[in-house]
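In what follows, a structure is listed as structure tokens, so that the remarks can point back to it.
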Amino acid sequence: MPPIEREKGKGRREEGEEKRENPGSQFPIPLHEEMDPAMDRRAFLTLLGASLALAGLSGCTLRPPDEKIVPYVHPPDADEMTPGKPLFYATACPRNGYVDGVLVTSREGRPIKIEGNLLHPASLGASDAITQATLLEMYDPDRSQQVMHRGLPGTWDAFLGEANTYMQAQRAVRGAGLRVLTGSVTSPTLVAQIRAMQAQLPAMQWHQHEPISRDNVRAGAQMAFGRYADTLYDFTQSAVIVSLDGDFLLSMPGHVRYARDYAASRRVRTKACGPGQPAREIMSRLYVAESMPTLTGTMADHRLPLRARDIENVARALAQQVGVNGVAPTEPLPPEVAEWVAVAARDLQAFRGAGVIVPGDFQPPAVHALAHAMNAALGNTGKAVRYIAPVEAEPMDQAASFRKLVQDMQAGQVQMLIILSSNPVYTSPADLDFAGAMAKVPMSVHLGLYDDETSALCQWHIPETHYLETWSDGRAYDGTTTIMQPLIAPLYDNTRSAHELLDALLVPPGRAGHDIVKTFWSGQHRGADFEAFWRKSLNDGVAAHPLSLRRRGGTELSSGASVAGQVSLQAANPTSQPGSPSPVPGGGGLELIFRPDPTIWDGRYANNGWLQELPKPLTKLTWDNAVLMSPRTAEKLGLTRQGGTPGTHPESVPVVELRYRGRSVRGPVLILPGHPDGSATVTLGYGRTRAGHVGTGAGFNAYALRTSDALWHDDGLEIVRTDDLFSLGVTHSHQTMEGRDIVRIGSITQFRKDPHNPDGKEHVPNKPPMILPEAPPLPPSEYAWGMSIDNNVCIGCNACVVACQAENNIPVVGKEQVLGGREMHWLRIDRYYTGMDMERPTGTYFMPIPCMQCEKAPCELVCPVDATLHSDDGLNMMVYNRCVGTRYCSNNCPYKVRRFNFLQYADIAPVIQLMRNPEVTVRSRGVMEKCTYCVQRIQNAKIDAEVQDRKVGGDEVQTACQQACPTNAIVFGDINQPDSQVAQLKAEPHDYPLLAELGTRPRTTYLARLVNPNPEMRAE
Amino acid sequence: MARPFPPYTNTLSRVIVFGLFVSPILIGWIATAINWSPYINETNIPRNQPVPFSHKHHVGGLGLDCRYCHTTVETTSFANIPPIHTCMTCHSQIWKDSPMLAPIRDSYASDIPVQWTRVNFVPDFVYFNHSIHVNKGIGCETCHGRVDEMPLTARGQPLMMAWCLNCHRNPERYVRPREDVFIMGYQPPENQLTLGRQLVQQYHIRKLQDCYTCHR
């Protein structure tokens, strides 16, 4: 491995040995393969001639063809819909059982955008990338649309007939052969339905299988409290946060709210800057010990990369030092780890009652029990940590439950299996032969959005309605209940929701989803005011009836000393110690770590183009998963990159074979700085065989290695290099500005000394003198739009990127085009490492880069056709209908934020057209495009305001990225109004423009990133 | 030595040289004229409709207000085409057996909408908003012409960008008091420019010429 660059500097993207020759060129890699090699010169000329002739013919029509215009026959009620006006409906987006409150924009009856619900505690108006992208899932043309019977089209009635026969037979044996398999369930209605089924058929079994299972969390609570409980964190209350592999910013239930709260504890302002941003110059301090780089780790002030199995030792040592009684002693820790533990423990002791310890969902139960004990011992319980009765309706050991199901199936005891919204054939642990056991079930029914791996082995497949088409309900991480309402009638006639399917099985022919849910709730909320309750619950997206509140308030677990004593006793119990001793680092096999994918999760979103093409937060990888490992581990295994081998793509990486417990898969290697040594991480969800046109065949299937006794990590991995190379669509080297003064990072102590210069370095003045004479000032205007991005709280979660994609009709281009640097995201998030050592970067930083809307924009000077111009209110306009595609503007843009439609990327599938935002032009081939500050929202706000004869408020317009942002890192508004939030933020001393030395005077500026390291920790 | 070129070559060359300068201008002028002709922009060409609806009769004759049918014009971007239900408010009472109205009755009975031929439209990359124009004192007539004199509806103005900009640059020439917006046959006063400037100030009309005003 070649030496790493030794220059100490910020804003440097160091990855592997590969470094761009020419950082300025936007499209570094020529794409040759797009031209069909089968077409020779002669065929090409023939086609050229033919198309010229046809173009001439079509040119004869000077007038546009007649258009039809079709009015309603009966107008909708004015309060239901006015053509041309959007409407907003509250509902909730389910994932892994838990729901997040959303507010969906509907245009002329079509949902076109998902936002967070301001009234919902899990959202507070924000959302995440996956929630945003579920919109595309609903419109996915690959969704299942037809009842299938043994692989052939069937009908719902035929299904109901056959299912009835089996149900009758089951009634005779009290349901002994009936099994229902679901994921985690929080829906009160669905639970009531399953309970009703159990009441009729008491011998039936309900099994749960969630591939991203929270068994460890549940078992940890069992261990600590003797019963199931859910843990809630309040990071606004915390001064010291210690995460033991807990990625609370991206993957835990409630992570959107956690990110909001965490940001509140980190935000630094010299003056109050509007709502939620008081003047404060203190920050919480975050310690993270983690088994692979996560977003939470990048935010850490002190990050400790450890193999997953070593986290428990750290937890034990930490528990001993913070005063948890009777913890089994650990073997001595390496000095670096010991220091981290000692410093964190002292900090936690110093801030008793104002700290929080967050165990990771994927860490063994003992870590959870220890964390509960520590939080109790430190007096954090009842403050930053609260316990509630489980939100899940029926918490269980899902691994055991699923194993039991497979055993019963193999034993031939299962006559009828109903699989609700799950894909166990694909996600089942490899040691349980679920697919094989399916053959022994005479009647298997699969309800799912897609005709997937599981439906292929089932007798019957029933297409499922998407949550945006469904009446349902669900509960959030904190127990808040939402009654979900549909935004649109089901796109396809044959689809059913889980409620409708179960209802039809119990009482054929079944009721409609609306009736099922409403009947259930009328039983919960008896009284004359039910209709008012129902309407208010739907309107707010939060059930006004305190089903959740009552349970939460009534059974909130006691805090304080009693729990402390209980917990410490339990945690000291040696049976919680896992059997395997910690082996010598570097010796023997490697550690294999499984994690959910940050974009496609457990594989259920594999056919979602927005998520597939979304660069994963840390690796910037698209369309694939990879074997992630540290540079040193890769070097040891001889897996350094093969850049420049003739005939291969420059981004080619070696393919390895992962061997583990006699199973093996092959996958490409991606080196990830900051990954602990001696382990390799694979993300789940790829290698689908029946995902659809988008997802099938992407990546490799890590489930093939996963066993039911080691769901998250285990030793004994062997990595063998193969001769193959593979091209990964990694976008980190595209559109790069590296090697300049980009990210400013300072410490909070330095900030208190000199807030203008928190990193203590010399910078170009924010408005450098111009070489050229100043142009005459822009005409005075009422508005001056600007944006402020707070790097200090940006967690790099990608919510803004997908929000922008949905709002602005941005196309998906596919892996081939991404390899050529042609991804179209208007907003990208750059990732930078700092430090001398690739192995241990001292920091990882994210920076969202939209168009800067330069006041002196270089792109405007070079456009030969005036397709990009400046508006009075300071926007750098892009006029698609004028653009002829010279790409001069893109070449002259120092921030590399312009995107070009090399091909006709905009979808032509009719169903996708329904999803498009009608306020934004769908761009065609040959047109340059870029961020517009969501000019459609600005214009509509202006029109609304002017119709009412008033001015647009300084904070009235929200861009899509701003609205989605969980941490409020992006603020947009009118900088001409001094009381607007953006104007106040720009007046903060640590505000700076990107590449100020170029004199472009960008309207988008950044707030410097601040860290809060503990001075006790030895300097790294 | 024989002359290589006959004498008329001189004249020819002069014509060619002159033509080199003139013909592009001429061609450009002709192209512009064609482009602005009613043949291309369809101005004043009545369109056939499934039901020969007459604005002349309903507006000019009966005096219906524009907003009786185009209800959303003051509040949204889109001045809606009235639902069949609106036709039937009167035509379930009068002319209820007229064969001319059969498609309307059929549509109302069968719930299948009537497909009208669109008369006024701008290209898809233009985002026009009715409400702001109506609220800022631009009369319906200014863009749609004397609808009250159209037996079959035709486009009243070319709806081309230069035509739009003409008003966006000089709103004082066209603005009228808000109460007169829906009046057909409005006669601008003698002092339109003075009144116009006053209204521009009063209604906070700005000369919006940024591309983003309409293209986004």
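Some points to look at:
Yes or no, residue by residue, for (1) under 26 Å from the mean Cα position of the chain (by Cα); (2) modelled with pLDDT of 90 or more; (3) hydroxyl-bearing (Ser, Thr, Tyr); (4) over 20 Å from A:Gly246 (Cα atoms):
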{"site": "A:Leu348", "(1), (2), (3), (4)": "no, yes, no, no"}
{"site": "A:Val367", "(1), (2), (3), (4)": "yes, yes, no, no"}
{"site": "A:Ala376", "(1), (2), (3), (4)": "no, no, no, no"}
{"site": "A:Ala393", "(1), (2), (3), (4)": "yes, no, no, yes"}
{"site": "A:Ala411", "(1), (2), (3), (4)": "no, yes, no, yes"}
{"site": "A:Ile418", "(1), (2), (3), (4)": "no, yes, no, yes"}
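- Test result for A:Ala561, more than 26 Å from the chain's Cα centre (by Cα), at pLDDT below 90, among the hydrophobic types (A, V, I, L, M, F, W, C) and surrounded by fewer than 22 Cβ atoms within 10 Å (Cβ to Cβ): yes
- Checking B:Ile112 against (1) within 14 Å of another protein chain (Cβ to nearest Cβ); (2) under 24 Å from B:Gly60 (Cα atoms); (3) more than 16 Å from the chain's Cα centre (by Cα), the condition it does not meet: (2)
- Residue within the stretch B:158-172 that is under 22 Å from B:Asn35 (Cα atoms), touching a residue at least 60 places away in the same chain (Cβ under 8 Å), within 14 Å of chain A (Cβ to nearest Cβ) and open to solvent by less than 30 Å² (accessible area, probe 1.4 Å) present: yes
- Pairs linking a residue in the stretch A:66-94 that is within 24 Å of B:Phe121 (Cβ to Cβ) to a residue that is at pLDDT 85 or above and in a strand (DSSP E or B), with Cβ atoms under 6 Å and 6 or more positions apart or on different chains, are A:Asp66/B:Thr117; A:Ile69/B:Trp116; A:Pro86/A:Thr105; A:Pro86/A:Arg107.
- You will find that of A:Val865, A:Val952, A:Val971, the residue that is within 14 Å of chain B (Cβ to nearest Cβ) and touching a helix residue (DSSP H, G or I) at 6+ places or on another chain (Cβ under 6 Å) is A:Val952 and no other.
- Yes/no for B:Phe121 being among the hydrophobic types (A, V, I, L, M, F, W, C), in contact (Cβ under 8 Å) with a residue 60 or more places away in the chain and within 14 Å of another protein chain (Cβ to nearest Cβ): no
- Among residues of the stretch B:187-216, those that are under 24 Å from B:Met160 (Cβ atoms), open to solvent by 40 Å² or more (accessible area, probe 1.4 Å) and away from chain A (no Cβ under 14 Å), counted: 1
- Residue under evaluation A:Ala50, criteria (1) more than 14 Å from chain B (Cβ to nearest Cβ); (2) open to solvent by 80 Å² or more (accessible area, probe 1.4 Å); (3) at pLDDT below 80, criterion not met: (2)
- Among (1) of a type outside the set (Lys, Arg); (2) open to solvent by 10 Å² or more (accessible area, probe 1.4 Å); (3) not in a helix (DSSP H, G or I) - the single one A:His514 does not satisfy: (3)
- Positions within the stretch A:922-938 being within 12 Å of chain B (Cβ to nearest Cβ) and open to solvent by 20 Å² or more (accessible area, probe 1.4 Å), in sequence order: A:Val922, A:Ser924, A:Arg937
- Residues of the stretch A:861-913 classified as under 26 Å from A:Val957 (Cα atoms), buried (at least 18 other Cβ atoms within 10 Å of the Cβ) and among the polar types (S, T, N, Q), total: 3
- Scan of the stretch A:908-921 for residues that are at the interface with chain B (Cβ under 10 Å from one of its Cβ atoms) and either farther than 20 Å from B:Asn135 by Cβ or assigned to a helix (DSSP H, G or I) (or both), ordered by number: A:Pro918, A:Val920, A:Thr921
- Selection over the stretch A:688-723 of residues that are open to solvent by less than 20 Å² (accessible area, probe 1.4 Å) and more than 18 Å from A:Leu590 (Cβ to Cβ) gives a count of 6.
- Within the stretch A:65-114, the set of residues being facing chain B (nearest Cβ under 9 Å) and of a type in the set (Phe, Trp, Tyr) comprises A:Tyr72 only.
- Residues being assigned to a loop (DSSP other than H, G, I, E, B), in contact with a Lys or Arg (Cβ under 8 Å, 6 or more places away or on another chain) and of a type in the set (D, E, K, R) - total across the stretch A:245-294: 2
- Checking each residue in the stretch B:124-142 for being free of Cβ contacts under 8 Å to residues at least 12 places away in the same chain and either facing chain A (nearest Cβ under 8 Å) or more than 30 Å from A:Cys883 (Cβ to Cβ) (or both) picks out B:Asp124, B:Ile132.
- Residues that are closer than 16 Å to B:Thr153 by Cα and assigned to a helix (DSSP H, G or I), drawn from the stretch B:40-74: B:Asn41, B:His55, B:Lys56, B:His57, B:His58, B:Val59, B:Gly60, B:Gly61, B:Cys66, B:Cys69
- Matching residues in the stretch A:276-292 - criterion: being open to solvent by 10 Å² or more (accessible area, probe 1.4 Å) and touching a residue at least 40 places away in the same chain (Cβ under 8 Å): A:Gly276, A:Glu281, A:Ile282, A:Met283, A:Arg285, A:Met292
- Enumeration of residues in the stretch B:56-72 that are open to solvent by less than 70 Å² (accessible area, probe 1.4 Å) and among the hydroxyl-bearing types (Ser, Thr, Tyr): B:Thr72
- Selection status of A:Ile795, part of a loop (DSSP other than H, G, I, E, B), out of contact with any Asp or Glu (no Cβ under 6 Å at 6 or more places or on another chain) and among the aliphatic types (A, V, I, L, M): yes
- Being over 30 Å from A:His120 (Cα atoms), of a type in the set (D, E, K, R) and in contact with a helix residue (DSSP H, G or I) (Cβ under 9 Å, 6 or more places away or on another chain) is a property that A:Asp991 has.
- Among residues of the stretch A:117-129, those that are farther than 22 Å from A:Asn539 by Cβ and either modelled with pLDDT of 95 or more or small (Gly, Ala, Ser) (or both), counted: 1
- Counted residues, the stretch B:57-72 - those being of a type in the set (D, E, K, R) and facing chain A (nearest Cβ under 8 Å): 0
- Top-ranked residue of the stretch B:73-106 - restricted to ones that are within 8 Å of chain A (Cβ to nearest Cβ) and free of Cβ contacts under 8 Å to residues at least 40 places away in the same chain, ranked as surrounded by the fewest Cβ atoms within 10 Å (Cβ to Cβ): B:His85
- Near pairs, Cβ below 7 angstrom, 6+ apart or cross-chain, from the stretch A:149-166 (closer than 15 Å to A:His446 by Cβ) to any residue that is among the β-branched types (Val, Ile, Thr) and in a helix (DSSP H, G or I): none
The values are calculated or read from the model by the stated rules, or taken from the named source; none is laboratory data. Remember, it's a predicted structure, so these values are computed and weren't measured experimentally. For neighbour counting, all protein chains shown are included, and Cβ atoms are generated from backbone atoms with ideal geometry for every residue, glycine included. Just so you know, the surface numbers come from the protein's heavy atoms only, side chains and all, with ligands and any DNA or RNA stripped out. Shrake-Rupley method; radii C 1.70, N 1.55, O 1.52, S 1.80 Å.
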